[in-house]
Every structure is written in C-alpha cells, then in structure tokens.
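Asks: Here it is, the structure in full.
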Amino acid sequence: MSLTLTSSSLALEQTLSCLHKCSKEVELKQVHAHMLKSGFFHDPYAITKFLSFCLSSTFSSYAQDVFLNDLDRPDTFLWNLMIKGLSSSDQPETSLLLYHRMLSSSAPHNPYTFPFLLKACSNLSAFQETTQIHAHLTKLGYANDVYSVNSLINSYAVTGHFNHARLLFDRIQEPDLVSWNSVIKGYAKAGEMDTALTLFRTIPQEKKKNAISWTTIISGYVQAGMNKEALQLFHEMQNSNVPPDKVSLASALSACAQLGALEQGRWIHSYADKARISIDSVLACALIDMYAKCGDMEEALGVFKDVKKKTKSVQVWTALISGYAYHGLGGEAIRRFTEMQKTGVKPNGITLTAVLTACSYTGLVEEGKSVFYTMERDYNVKPTIEHYGCMVDLLGRAGLLDEANRLVQKMPMKANAVIWGSLLKACQIHRNIELGERIGEILIGMDPNHGGRYVHTANIHAMGGKWDKAAETRRLMKNKGVVKVPGCSTISLEGTTHEFVAGDGSHAEIEIIRSKWRTVRRRLEENGYVPELEDLLLDLADDEEREAIVHQHSEKLAVAYGLMKTKPGTTIRVMKNLRVCKDCHKVMKLVSKIYKRDIVMRDRTRFHRFRDGKCTCGDYW
DNA sequence: TTAGGGTTAG
C-alpha cells in the first residue's frame, strides 16, 4: 500500500513538474487530460497546484474554465484562490463574476475573499462595485476586519473618492501603516497634495514610515507635475534612514525625466548599482526614459543593451522607441520597432503612438500611413485619439493639409484641442490662412483661458495681413485677463539650474550675459547671419523692433551663459518650455559651427542637437 | 488576505 502511494505521489510530482514547463495551451491541455485520467483531480493538493500555475501564467481563462466545469462543489479555499488569481490577471472583472457565482453556490463565505475582490475593483478602477462590496461586507459583519477596511480605503483611493476613504480611515481606532498609506494615496491620486502631505507628516513615529509611504507621497507629487517637490522629498527620504528600493527609484527617476535633471538621474542610476538593486523592466523603463528625456540617447541605449532579454518587455522597447522619436531619429525608431517584433514582443497602443510620432517628426509619411492603416489588422490595436493625433500631425507637417483635415472630419471620435492645435501649427508652417483662422476660432472656443490659443490665432490673422483682426484677438485676450506663458529656458551648470525668462533681467549676471550675446551676435553677422523674423508676427511697426524682441529670447541668453561658463568643446544643454522659434534655431546652428560646440536643446515637444551648423531635426519640426 | 512604480499625439 505504501509503495503504491509513493509511486502515485511520485507520478503526481512528475506531472506537476511537466505542468510548470507548459508555455502553450496545447501543452497545458495534455497535462490537464493526463491529470483527469490519472484521477489527480480528486486530490485538492493537485487541483490547487494546477489552478495556481494557470493563474500565475498566461492561462487564467483556462483556469476559470476548469474551475467552473471540472470541479464538483469547490470549497471556499478554492473559490478564494480563483478570485485572488483573477483579481490581478488581465481580466479582473472575471474575479467579480466568480464572486457572484460563489454567492449562489453553497460555499460558505469568509472575510478572506474581500481584500481580493477589492483588489479587482482597484485594478478596474470600479467605484460602483466598490460601494456594493462595501455594503455587502458590512451586512455580513466584516466591517471591522482590518484587511477588508484597508482594502476598502485603497479601492476608494484608487477610484478617486478620497472622502469615502477618509470617512473609513477616521473610524479606525488605531490605523496601521497600511491604512495611513492607503488614505494618503487617496488624496495624492486626486491631486490634493497639501492634504496628502499633512497626513504624511502626521503618521505617528511608532508606525515607522516605510519605503511604500515615501513612494506614495513622492509619486503623488510626480503625478501632480510637482517634480521639484518630489525630488526634495526623495532627498528627505534618504536622510530618514529608509533606504529607497526600486519602486522609489523609479518614481524619483520620473521626476528627473520631467525636469531634465540629468545629474540627479545619473546619481540614482549609480545608487541602484551600488545598492545592488537589480534593474527590472520598470526600472529599466524609467532609466531609459530619464536618459532620453535628458538628451542622452547613448546612455539610454546603454541601459537598454544591459537589460536581459527576458526583461525586455514591450514597455522597455517602447521607452527606447519614444526616445528615438523625440530625438528626431525616425529611421532608428522604425529599425528598433522591427527588431522588437523579431524577438517576439508584440506592440501595444503606446508603442504604436511612439512609432507614429517618430514618423511624424521625421517626415516618414508613407511609413506612418502604413503602420496606421494596418495596426488594427496586424497588431489588434484599435486606433485611439492619440493615434489619430499623430496622423493629423504627420500629414499636416508634411503639407498634406486637406488630407489631414479630412482625417479629422471622418475620425470616429470628436477632435480635441491637441488635434486642432497640431493642425493649426501645420497651417502656420504651410501658410494656409483660411483654414488656420477657422481652427483658431474653434480653439479659442474650446480653451478660452489658454493664452497660447489667442496668440496663435492672432499670428495667423497677422500672417494673412489682417492686422485689425490680429489686434482684436489680442484685445479679447487682454480683456479676459488671459496671459501668455512666457518663454523660459534653463541651463544646469555644476548642479545649479539657471533660469532665463524672455525679456526678464532678473539673473544676477544679466548685464554681462547680454554683453556676451552682443559679441556672439556680431560674430554671427560677420558670418552672414540675417535674422529670421517670420515666426514673430506681432503687429509691430518695423523690423528693428521685432529684431529687438527676437534677440531677447530666453534660449539665446541661456546659450550665451553656457558659452561664458563652460570650457571650450563642452556640450551645452538647454531646456525650453515652449517650442524653439525659427530665428533661435538658425542661431543655434551657426553657434554650433562658429564656436565648435554641440548644443542639445529640449523644447516643449522634442530635442534638437546642433553640431557643425546642422541640426538633427533636419529643419523639419 | 491589505499599502507604493515605467512607456502615449500639439
């Protein structure tokens, strides 16, 4: 008897080890059939192992089928196993479905189910379901179960209902750290950073803030676009004896990427190396994105190459492709896109947005069209407004304004301000005054408090010589009290960021900088420079006045400062909040040649790298 | 059994 048992359990263990090698559904089916035939499906241990494997790999719907069809009256443990597994699968809604099945079965309920269910609600961002489950667990008498309450707080937090979360939090006699972190998340998610920070500061010392607490507040600031504050908190975290883990690092890297803070980003990278924190897919993404957005594509590629093949997820590939896109390296982006597919990684909607952006920025019209019109068939991704946006931009930049406009008319969703904005820009570049004026009016209607809308509309009127209309638009803007965001450029030197705002003289060394700029300008003029005033369609009387304005542009002052303060041959890195104007672009090309300097300039949407009189954008931007 | 992260069109 004991011999039989041993051999049968041996057989089971062998079968289970086969199970773990299954990567295709046919293979899984074979193991499944074998287990049924051998009677293993009467053994709860075997069933648990089988379902757990399916749920943790790509076979969660297979697990669901087996569970519902093959099992005779599963117990509460198995129901919970299924609900847990499905809650973090790619179809969390099936978890809720199973819960309703469980209720109509004879399996007795227990409080263990609820945190899993609420996890599914969080993953679905489902507020209605959260309230239903809340009501149900109250009715069943689990309203004081700490795990359930914390999960409820989290679900309300994730769905943006911080008041619901707070109400529950305030009723807890002594909230644990999970409760604190969850309620803070609620405020952070809703952008209520003042309250989030106040609560964060109120966490009692004995609860001992952990890396999760810190990351919650840091990533809250990042999501609110308050990146400087995020990095300040990251520094505070390091002084507080809570070592950052990979999740904290990824959040801080996001802040660096947005700020263009290359030095701090590099520091985080070397910290991860020193602390022997392995670079997983998410950290790799954050690093590649940081280096790319800070203008260092070589380093971004270095990180990408060091990532192990198994870790090269679609997101990691997408981060690299996006980097090439906004560096204007369309050919390289497409090459990587092809390479990615050869390794068996399928693109998602975001990857395709990046590829289309790359085509748009490089003028690869046919390549872009081919991807756009086959994406649903080839990649099973339905075009979203972002993809249409890329296409409108691609066609518009290339001068195919009618085609772009037709696409806007026939797309299945309503055009938003981004789409109209990109079409208006194309009208300016290609001097289609009539269409541009119509779009300008639409945009002002959509965004009456956005200064840029009025400025662009006034400019297109001016371009058509309609000075009275241009003046009227500016007057309208003034009357409404709307102000234009001023152009602002920054340059980082030895860890200090210097800021220059157009026409503003607040920098301590402004007089020397202006004088330096006059010297630069003279050298440019000796080399044949003539100002490019086309972009500056202000209704000013004469060219002299317009020239004076163009020479106060913030990026010129930043570069002049860079030339003053850095050694010959050093790359000058400048960031601008708006798009670079034609004259500044021309000037940068000349400076790069005459002063033998590489200039890397990040503007609102992309990078320009100037070297020896040329720019990587090929003057197509 | 409960809490934190990355890639997206102007």
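The values are calculated or read from the model by the stated rules, or taken from the named source; none is laboratory data. All figures in this text were calculated on a predicted structure; none of them were measured in a lab. Because the Cβ atoms are built from the backbone with ideal geometry, glycine has one as well, and the counts that use them run over all protein chains shown. We work out accessible area using only protein heavy atoms, side chains counted, and drop any ligands, DNA or RNA first. Shrake-Rupley method; radii C 1.70, N 1.55, O 1.52, S 1.80 Å.
Asks: What is the residue count in segment A:227-251 for residues that are in a helix (DSSP H, G or I) and more than 10 Å from DNA strand B (Cβ to nearest atom)?
Replies: As a first pass, look at segment A:227-251 and keep what is in a helix (DSSP H, G or I): A:227-238, A:246-251.
Of the ones still in play, those that are also more than 10 Å from DNA strand B (Cβ to nearest atom) are A:227-236, A:238.
Looking only at that region, the number is 11.
Asks: Need the failing condition index for residue A:130 against (1) near DNA strand B (Cβ under 9 Å from one of its atoms); (2) of a type outside the set (Phe, Trp, Tyr); (3) touching a Ser or Thr at 6+ places or on another chain (Cβ under 8 Å); (4) assigned to a helix (DSSP H, G or I), just the number.
Replies: Every listed condition holds for residue A:130 apart from (1).
Asks: Looking only at residues that are out of contact with any Phe, Trp or Tyr (no Cβ under 9 Å at 6 or more places or on another chain) and within 11 Å of DNA strand B (Cβ to nearest atom) in segment A:360-391, which one is nearest to residue A:605 (Cα to Cα)?
Replies: Residues of segment A:360-391 out of contact with any Phe, Trp or Tyr (no Cβ under 9 Å at 6 or more places or on another chain): A:360, A:364-370, A:373-382, A:384-386, A:389.
From what is left, the residues that are within 11 Å of DNA strand B (Cβ to nearest atom) are A:360, A:381, A:384-386, A:389.
Working: A:360: 12, A:381: 25, A:384: 20, A:385: 18, A:386: 15, A:389: 14 Å.
This residue is A:360.
Asks: Residue check: is residue A:548 of a type in the set (Gly, Ala, Ser) and at pLDDT 90 or above? Step through it out loud before you land on a result.
Replies: Details: of a type in the set (Gly, Ala, Ser): yes; at pLDDT 90 or above: no.
Considered against the rule, which asks whether it is of a type in the set (Gly, Ala, Ser) and at pLDDT 90 or above, residue A:548 comes out as no.
Asks: Anything in segment A:78-127 that is within 15 Å of DNA strand B (Cβ to nearest atom), of a type in the set (S, T, N, Q) and either farther than 24 Å from residue A:168 by Cα or assigned to a helix (DSSP H, G or I) (or both)? List them, or say none.
Replies: Within segment A:78-127, A:80, A:87, A:88, A:89, A:95, A:113, A:122, A:123 meet the criteria.
Asks: I would also like to ask the following. Quick check on my filter: what residues within segment A:10-60 are assigned to a loop (DSSP other than H, G, I, E, B) and of a type in the set (Val, Ile, Thr)? Give the steps one after another, and end with the answer.
Replies: Just the residues of segment A:10-60 that are assigned to a loop (DSSP other than H, G, I, E, B), to begin with: A:20-24, A:38-39, A:43, A:57-59.
Within segment A:10-60, just A:58 meets the criteria.
Asks: Given (1) away from DNA strand B (no atom under 11 Å from the Cβ); (2) in contact with a helix residue (DSSP H, G or I) (Cβ under 6 Å, 6 or more places away or on another chain); (3) within 26 Å of residue A:609 (Cβ to Cβ), where does residue A:263 come up short, assuming only one miss?
Replies: Result: residue A:263 fails condition (2) only.
Asks: Is segment A:251-266 home to any residue that is in contact with a Ser or Thr (Cβ under 8 Å, 6 or more places away or on another chain) and at pLDDT 95 or above?
Replies: Residues of segment A:251-266 in contact with a Ser or Thr (Cβ under 8 Å, 6 or more places away or on another chain): A:251, A:254, A:260-263.
Those still in the list that are at pLDDT 95 or above too: A:251, A:254.
Checked against the condition, which is being in contact with a Ser or Thr (Cβ under 8 Å, 6 or more places away or on another chain) and at pLDDT 95 or above, segment A:251-266 yields at least one hit.
Asks: Let me ask something additional. In segment A:585-610, which residues are more than 16 Å from DNA strand B (Cβ to nearest atom) and open to solvent by 50 Å² or more (accessible area, probe 1.4 Å)?
Replies: Scanning segment A:585-610 gives A:586, A:593, A:596, A:609.
Asks: Show me the helices (runs of 4 or more DSSP H) found entirely inside segment A:397-471 where at least 3 residues are over 23 Å from residue A:486 (Cβ atoms). Step through it out loud before you land on a result.
Replies: Numbers: elements: A:401-410, A:417-429, A:433-446, A:451-463.
So the answer is A:401-410, A:417-429, A:433-446.
Asks: Further question on the same structure: Just to check your reading of the model, which residue among A:199, A:168, A:249 is open to solvent by less than 50 Å² (accessible area, probe 1.4 Å) and over 28 Å from the mean Cα position of the chain (by Cα)? Spell out how you get there, then give the answer.
Replies: Numbers: A:199 fails: over 28 Å from the mean Cα position of the chain (by Cα); A:249 fails: over 28 Å from the mean Cα position of the chain (by Cα).
Of A:199, A:168, A:249, the one residue that is open to solvent by less than 50 Å² (accessible area, probe 1.4 Å) and over 28 Å from the mean Cα position of the chain (by Cα) is A:168.
Asks: In segment A:335-363, which residues are open to solvent by 40 Å² or more (accessible area, probe 1.4 Å) and more than 24 Å from residue A:309 (Cα to Cα)?
Replies: Step one: of segment A:335-363, the residues open to solvent by 40 Å² or more (accessible area, probe 1.4 Å) are A:335, A:338-339, A:341-344, A:346, A:348, A:350, A:362.
Of everything in segment A:335-363, just one residue is open to solvent by 40 Å² or more (accessible area, probe 1.4 Å) and more than 24 Å from residue A:309 (Cα to Cα), namely A:362.
Asks: Go through segment A:306-327 and give me each residue that's touching a Lys or Arg at 6+ places or on another chain (Cβ under 6 Å) and open to solvent by 10 Å² or more (accessible area, probe 1.4 Å).
Replies: A:326
Asks: Take the residues in segment A:374-398 that are closer than 22 Å to residue A:345 by Cβ and more than 21 Å from the chain's Cα centre (by Cα); name whichever of them is least open to solvent (accessible area, probe 1.4 Å). Break it down into steps so the answer makes sense when it comes.
Replies: Initially, segment A:374-398 is screened for residues closer than 22 Å to residue A:345 by Cβ, giving A:374-384, A:386-387, A:390.
Filter once more, so that each one left must be more than 21 Å from the chain's Cα centre (by Cα): A:374-380.
Values: A:374: 33, A:375: 0, A:376: 93, A:377: 178, A:378: 78, A:379: 55, A:380: 133 Å².
It comes out as A:375.
Asks: Of the conditions (1) assigned to a helix (DSSP H, G or I); (2) open to solvent by 20 Å² or more (accessible area, probe 1.4 Å); (3) more than 9 Å from DNA strand B (Cβ to nearest atom), residue A:276 clears all except one; give me its number.
Replies: Exception for residue A:276: condition (1).
Asks: For segment A:611-621, which positions are outside any loop (DSSP other than H, G, I, E, B) and either within 16 Å of DNA strand B (Cβ to nearest atom) or farther than 13 Å from residue A:580 by Cα (or both)? Lay out the reasoning, then the answer.
Replies: Step one: list which residues in segment A:611-621 are outside any loop (DSSP other than H, G, I, E, B), which gives A:611, A:614-615.
Result: A:611, A:614.
Asks: Which condition does residue A:365 not pass, out of (1) among the aliphatic types (A, V, I, L, M); (2) closer than 30 Å to residue A:575 by Cα; (3) under 21 Å from the mean Cα position of the chain (by Cα), if it passes all the others?
Replies: (3)
Asks: So residue A:299 ticks every box in (1) charged (D, E, K, R); (2) open to solvent by 50 Å² or more (accessible area, probe 1.4 Å); (3) more than 26 Å from residue A:602 (Cα to Cα) but one. Which box is left unticked?
Replies: The failed condition is (3).
Asks: Select from segment A:309-353 the residues that are small (Gly, Ala, Ser), part of a helix (DSSP H, G or I) and within 8 Å of DNA strand B (Cβ to nearest atom) and write down the one among them that is farthest from the chain's Cα centre (by Cα). Even if it seems obvious, please write down each step before you answer.
Replies: Of segment A:309-353, the ones small (Gly, Ala, Ser) are A:313, A:319, A:322-323, A:325, A:328, A:330-331, A:333, A:344, A:349.
Checking the rest, the ones that are also part of a helix (DSSP H, G or I) come to A:319, A:322-323, A:325, A:330-331, A:333, A:349.
Restricting the remaining residues to those that are within 8 Å of DNA strand B (Cβ to nearest atom) gives A:319, A:322-323, A:325, A:349.
Details: A:319: 9, A:322: 11, A:323: 12, A:325: 15, A:349: 13 Å.
Taking the candidates together, the pick is A:325.
Asks: Something else: Among the residues of segment A:559-584, count how many are assigned to a helix (DSSP H, G or I), in contact with a helix residue (DSSP H, G or I) (Cβ under 9 Å, 6 or more places away or on another chain) and open to solvent by less than 10 Å² (accessible area, probe 1.4 Å).
Replies: Here the count works out to 5.
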